[in-house]
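Undergrad: Mind having a look at this structure? Questions to follow.
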Amino acid sequence: MNGSRIAIAFFLISLATIAWSQDPEIDSLKNVISQSKTDSVTVNGLIELSRLYLSVDLDKAIAYGRQARTIAEKAGYQKGLGYADKAIAIVYYNQSNYPEALVQFQNSLDIFESITYKTGIANILSNLGAIYYVTGDNTKAIEYHLKSLKVSEEIGDKMRIGTSMNNIGGVYKSNPFTEDKGLEYFLKGIPIFEEIKYDRGVGILSGNIGEIYFDRKQYDKALPYFVTSLKMYAGTIDATFPLTMLGKIYADREDFQTAYYYHNQAIDIAGKLDAKFELTQSLIGLALTQSKEGKTKDAITTYKRAETIGKSVKAMTEIKEIYENLSKSYSSIGDFRNAYAYQTLYTAIKDTLLNNDEVNKIQQLQFNFDINKKEAAIDLLTKDQALKAETIKRQKLVNRAAAVTGFLLLLVIGGFYNRYRYVRKTNKIIQKERDRSKELLLNILPEETARELETSGFAKTRYYDSVTVLFTDFKGFSTIAGKLTPQALVAELNDYFGTFDEIVGRFGLEKIKTIGDAYMCAGGIPVENDTHPLNAVMAALAMQEYMIKQNLDREARGEQGWELRIGIHTGPIVAGVVGKRKYAYDIWGDTVNVASRMESNGEPGKVNISSATYDKIKEHYQCLYRGKISAKNIGEVDMYFIESSITKPALELA
């Protein structure tokens, strides 16, 4: 078990509300909002609804946040406006959309600073620190948490002071070179929470301190902190952590009777609360103790029980540990066949999990890229506003000059007025036609290619070393077409392909063409990038998700559903414009043919990818191997179905 799951605990507001306890609260809150005659009450109620829906429906959570923002803005309720932006930001955070969350938190901070609302300022600074921590920028995370601590100390907010101590300590604790600094902040935070009698805060900090001492094998120092943490967590699922750690300490001391006492308590609590993730971790702790005592067969039984439960909640890191220890356990009793089998499973799952350092680097690069785009958009908006202001100022000067010299210019203006109107009208017509032509060209060709064609009169054919091609078609389309009128069939296809266009644009892909019921797009062209395999897979999953919703609606109306197959392959292609009169942007090469084979060998509702694409996305998605197919000019190609995503657990926000 890794205590880092509580090292950073943004626990001022709990986001993990149990769904069954929310319904009465939600209904009651909606009733209050519907009867409210005060904007501030309505805004605060909508913000609270957004919080309650975080663990139920993120779409509703963000909708309530935006509704609160609209009402607060119209009413001039600045504090409510700041908290509405915060509510929206927290939804984006839960979706791992960190750039958008950062922008919304910054909006909230700007509002709170404009009204000098220091409680809100401290809160948002802490949440900004949380975003930078989860994206791997510990320097900025510390910077924002220290700012939050300073403001909290200015207003004497003990809860936020203790929270900042914990968050700063958590960031320092994540790096072995600054672990001592983390311990220092954890120790400072405990008396603050004890003073305000915040037991959960004391439990979190005590657990973090105990884990540091445990890792250093300073068990005499670790024990009292885990005991304190257990006392504060009594009766809650969080108690499984200190119980398991206590079991590990006594197992290392070879006091197995006491170790089993703590492990069994952890298992009992997790079992009663049906907390499968915590139960998996507690069982691993018990099995480790059994192995140390030499009860290898008992340990194997416990590991297998943990394996079954862990698989049900996709606890991949824990399953990896289980496979590794099962391999060692079977090897120690001479059962080398099972030892080899579990070593193979361990190697396979290890390969699918990203190294933490690589995760941080990738996330940080993507985060910086997205933030730079946001900042560039903000800079452009600022410059545009400044330009408009300067234009207005200049116009005022011109108007004043015209008022002074108007009489002298009147005769001249009279002579040129009609000419001016004619020229202006002509220019508007020319500009309108020019804009229309450009818009039509952009609907046919990628922007990069259209610009090249517009400036030079021709577009060069280009070779791309790596492009991801996505094909879709509808299974049994001929049967469906035979049951619909031509008009209804075209309307249906237009609806589906229109949504596919929107999805393709959202994930940065380029639509190539449609042929009957087939749809083709590609990533990494005409502007090359390194994310096109992942973008194509995410777009494909979004298409299948859309089709599921559409088919549910069709079934409810008693209509036959449309079954979509999707195939994806990554490789080199040639791309360019064909034709002299009716331009068409197209791509050629074996990669296109293999992508088509992936689609035709797929299944409805699934995303079938080649081994080339799998190698690019396997660190982000669990995939199911399907075997090989033969592809012309390439040979045999392995196929995989996308099964589920591999995600980093999200942290809670205050």
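The values are calculated or read from the model by the stated rules, or taken from the named source; none is laboratory data. No experiment lies behind these values; they were computed from the predicted model shown. Positions of Cβ are generated from backbone atoms using ideal geometry, with glycine treated the same way; all protein chains shown enter the neighbour counts. To get the accessible areas, we keep the full protein, side chains included, count just its heavy atoms, and leave off ligands, DNA and RNA. Shrake-Rupley method; radii C 1.70, N 1.55, O 1.52, S 1.80 Å.
Undergrad: Which of the residues that make up the range 193-221 are surrounded by fewer than 21 Cβ atoms within 10 Å (Cβ to Cβ) and either of a type in the set (A, V, I, L, M) or not in a helix (DSSP H, G or I) (or both)? It would help to see each step written out before you state the result.
TA: First, the residues of the range 193-221 that are surrounded by fewer than 21 Cβ atoms within 10 Å (Cβ to Cβ): 194-200, 213, 215-221.
Within the range 193-221, I196, K197, Y198, R216, K217, Q218 meet the criteria.
Undergrad: Can you find even one residue in the range 264-271 that is under 24 Å from S327 (Cα atoms) and either in contact (Cβ under 8 Å) with a residue 60 or more places away in the chain or open to solvent by less than 50 Å² (accessible area, probe 1.4 Å) (or both)?
TA: Looking for residues that are under 24 Å from S327 (Cα atoms) and either in contact (Cβ under 8 Å) with a residue 60 or more places away in the chain or open to solvent by less than 50 Å² (accessible area, probe 1.4 Å) (or both), one finds at least one in the range 264-271, hence yes.
Undergrad: Pick from the range 53-69 the residues that are open to solvent by 70 Å² or more (accessible area, probe 1.4 Å) and of a type outside the set (D, E): which of them is nearest to I88 (Cα to Cα)?
TA: R66
Undergrad: For the range 157-171, give me the residue count where each residue is closer than 10 Å to F186 by Cα and open to solvent by 10 Å² or more (accessible area, probe 1.4 Å).
TA: The number of residues fulfilling the criteria is 1.
Residues are listed down the side, and each one gets a yes or a no for (1) touching an Asp or Glu at 6+ places or on another chain (Cβ under 8 Å); (2) at positive phi; (3) of a type in the set (S, T, N, Q):
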position: D495; (1), (2), (3): no, no, no
position: D501; (1), (2), (3): no, no, no
position: V504; (1), (2), (3): yes, no, no
position: K511; (1), (2), (3): yes, no, no
position: A518; (1), (2), (3): yes, no, no
position: A522; (1), (2), (3): yes, no, no
position: V527; (1), (2), (3): yes, no, no
position: T531; (1), (2), (3): no, no, yes
position: A540; (1), (2), (3): no, no, no
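Undergrad: Evaluate the following for Y144: is it at pLDDT below 90 and touching a helix residue (DSSP H, G or I) at 6+ places or on another chain (Cβ under 6 Å)? Let's see the steps before the verdict.
TA: On the way: at pLDDT below 90: no; touching a helix residue (DSSP H, G or I) at 6+ places or on another chain (Cβ under 6 Å): yes.
No: the conditions fail for Y144.
Undergrad: What do you reckon, is E324 of a type in the set (D, E, K, R), open to solvent by less than 30 Å² (accessible area, probe 1.4 Å) and either within 17 Å of I267 (Cα to Cα) or without any contact (Cβ under 8 Å) to a residue 40 or more places away in the chain (or both)?
TA: Values: of a type in the set (D, E, K, R): yes; open to solvent by less than 30 Å² (accessible area, probe 1.4 Å): no; either within 17 Å of I267 (Cα to Cα) or without any contact (Cβ under 8 Å) to a residue 40 or more places away in the chain (or both): yes.
Spelling it out, it is not the case that E324 is of a type in the set (D, E, K, R), open to solvent by less than 30 Å² (accessible area, probe 1.4 Å) and either within 17 Å of I267 (Cα to Cα) or without any contact (Cβ under 8 Å) to a residue 40 or more places away in the chain (or both).
Undergrad: When residues of the range 509-541 are filtered for being open to solvent by less than 50 Å² (accessible area, probe 1.4 Å), assigned to a helix (DSSP H, G or I) and not polar (S, T, N, Q), how many remain?
TA: Residues of the range 509-541 open to solvent by less than 50 Å² (accessible area, probe 1.4 Å): 509-510, 512, 517-526, 532-537, 539-540.
Subset that is assigned to a helix (DSSP H, G or I): 532-537, 539-540.
From what's left, not polar (S, T, N, Q): 532-534, 536-537, 539-540.
So the answer is 7.
Undergrad: Moving to a separate point now. What's the total number of residues in the range 553-583 that are in contact with a helix residue (DSSP H, G or I) (Cβ under 8 Å, 6 or more places away or on another chain) and not in a strand (DSSP E or B)?
TA: 4
Undergrad: If only one of Q544, Q550 is surrounded by fewer than 23 Cβ atoms within 10 Å (Cβ to Cβ), in a helix (DSSP H, G or I), more than 23 Å from the chain's Cα centre (by Cα) and of a type outside the set (A, V, I, L, M, F, W, C), which one is it? Even if it seems obvious, please write down each step before you answer.
TA: Numbers: Q544 fails: more than 23 Å from the chain's Cα centre (by Cα).
The conditions single out Q550.
Undergrad: Every residue in the range 33-52 that is open to solvent by 70 Å² or more (accessible area, probe 1.4 Å) and either assigned to a helix (DSSP H, G or I) or of a type in the set (G, A, S) (or both), please.
TA: S34, Q35, D39, N44
Undergrad: Okay, next question. I'd like to know if the range 132-139 contains one or more residues that are open to solvent by 10 Å² or more (accessible area, probe 1.4 Å) and within 19 Å of R51 (Cα to Cα). Spell out the reasoning first.
TA: The initial filter retains those residues of the range 132-139 that are open to solvent by 10 Å² or more (accessible area, probe 1.4 Å), namely 132-133, 136-139.
Now restrict to residues that are within 19 Å of R51 (Cα to Cα): none.
The answer is no; no qualifying residue exists.
Undergrad: While we're here: Going residue by residue through the range 79-97, is there one that turns out to be more than 22 Å from the chain's Cα centre (by Cα) and open to solvent by 60 Å² or more (accessible area, probe 1.4 Å)? It would help to see each step written out before you state the result.
TA: Of the residues in the range 79-97, the ones more than 22 Å from the chain's Cα centre (by Cα) are 79-82.
Now drop any that are not open to solvent by 60 Å² or more (accessible area, probe 1.4 Å), which leaves 79.
Scanning the range 79-97, I find at least one residue that is more than 22 Å from the chain's Cα centre (by Cα) and open to solvent by 60 Å² or more (accessible area, probe 1.4 Å), so the answer is yes.
Undergrad: Would you say I249 is part of a helix (DSSP H, G or I), open to solvent by 10 Å² or more (accessible area, probe 1.4 Å) and of a type in the set (V, I, T)?
TA: Numbers: part of a helix (DSSP H, G or I): yes; open to solvent by 10 Å² or more (accessible area, probe 1.4 Å): no; of a type in the set (V, I, T): yes.
Spelling it out, it is not the case that I249 is part of a helix (DSSP H, G or I), open to solvent by 10 Å² or more (accessible area, probe 1.4 Å) and of a type in the set (V, I, T).
Undergrad: Scan the range 21-52 for residues that are of a type outside the set (D, E), at pLDDT 85 or above and under 24 Å from Y93 (Cβ atoms) and report the count.
TA: Narrowing the range 21-52 to residues of a type outside the set (D, E): 21-22, 24, 26, 28-38, 40-47, 49-52.
Right, trim to at pLDDT 85 or above and you get 40-47, 49-52.
Filter once more, keeping what is under 24 Å from Y93 (Cβ atoms): 43-47, 49-52.
So the answer is 9.
Undergrad: Filter the range 437-482 down to residues that are open to solvent by 50 Å² or more (accessible area, probe 1.4 Å) and closer than 18 Å to M547 by Cβ and give me whichever is modelled with the lowest pLDDT. If you could, list the steps in order and put the result at the bottom.
TA: Step one: filter the range 437-482 for residues open to solvent by 50 Å² or more (accessible area, probe 1.4 Å), giving 437-440, 442-444, 447-448, 451-452, 454-458, 460-463, 465, 475, 478-479, 482.
This time we only want the ones that are closer than 18 Å to M547 by Cβ, so: 475, 479.
Values: K475: 90, T479: 84.
Filtering the range 437-482 for residues that are open to solvent by 50 Å² or more (accessible area, probe 1.4 Å) and closer than 18 Å to M547 by Cβ, the one modelled with the lowest pLDDT comes out as T479.
Undergrad: Which count do you get for residues in the range 231-244 that are assigned to a helix (DSSP H, G or I), open to solvent by less than 40 Å² (accessible area, probe 1.4 Å) and out of contact with any Asp or Glu (no Cβ under 7 Å at 6 or more places or on another chain)? It would help to see each step written out before you state the result.
TA: Let us first name the residues in the range 231-244 that are assigned to a helix (DSSP H, G or I), namely 231-232, 237-244.
The next check asks that each one be open to solvent by less than 40 Å² (accessible area, probe 1.4 Å); those that pass are 238-244.
Now restrict to residues that are out of contact with any Asp or Glu (no Cβ under 7 Å at 6 or more places or on another chain): 238-239, 241-244.
Residues in the range 231-244 being assigned to a helix (DSSP H, G or I), open to solvent by less than 40 Å² (accessible area, probe 1.4 Å) and out of contact with any Asp or Glu (no Cβ under 7 Å at 6 or more places or on another chain): 6 in total.
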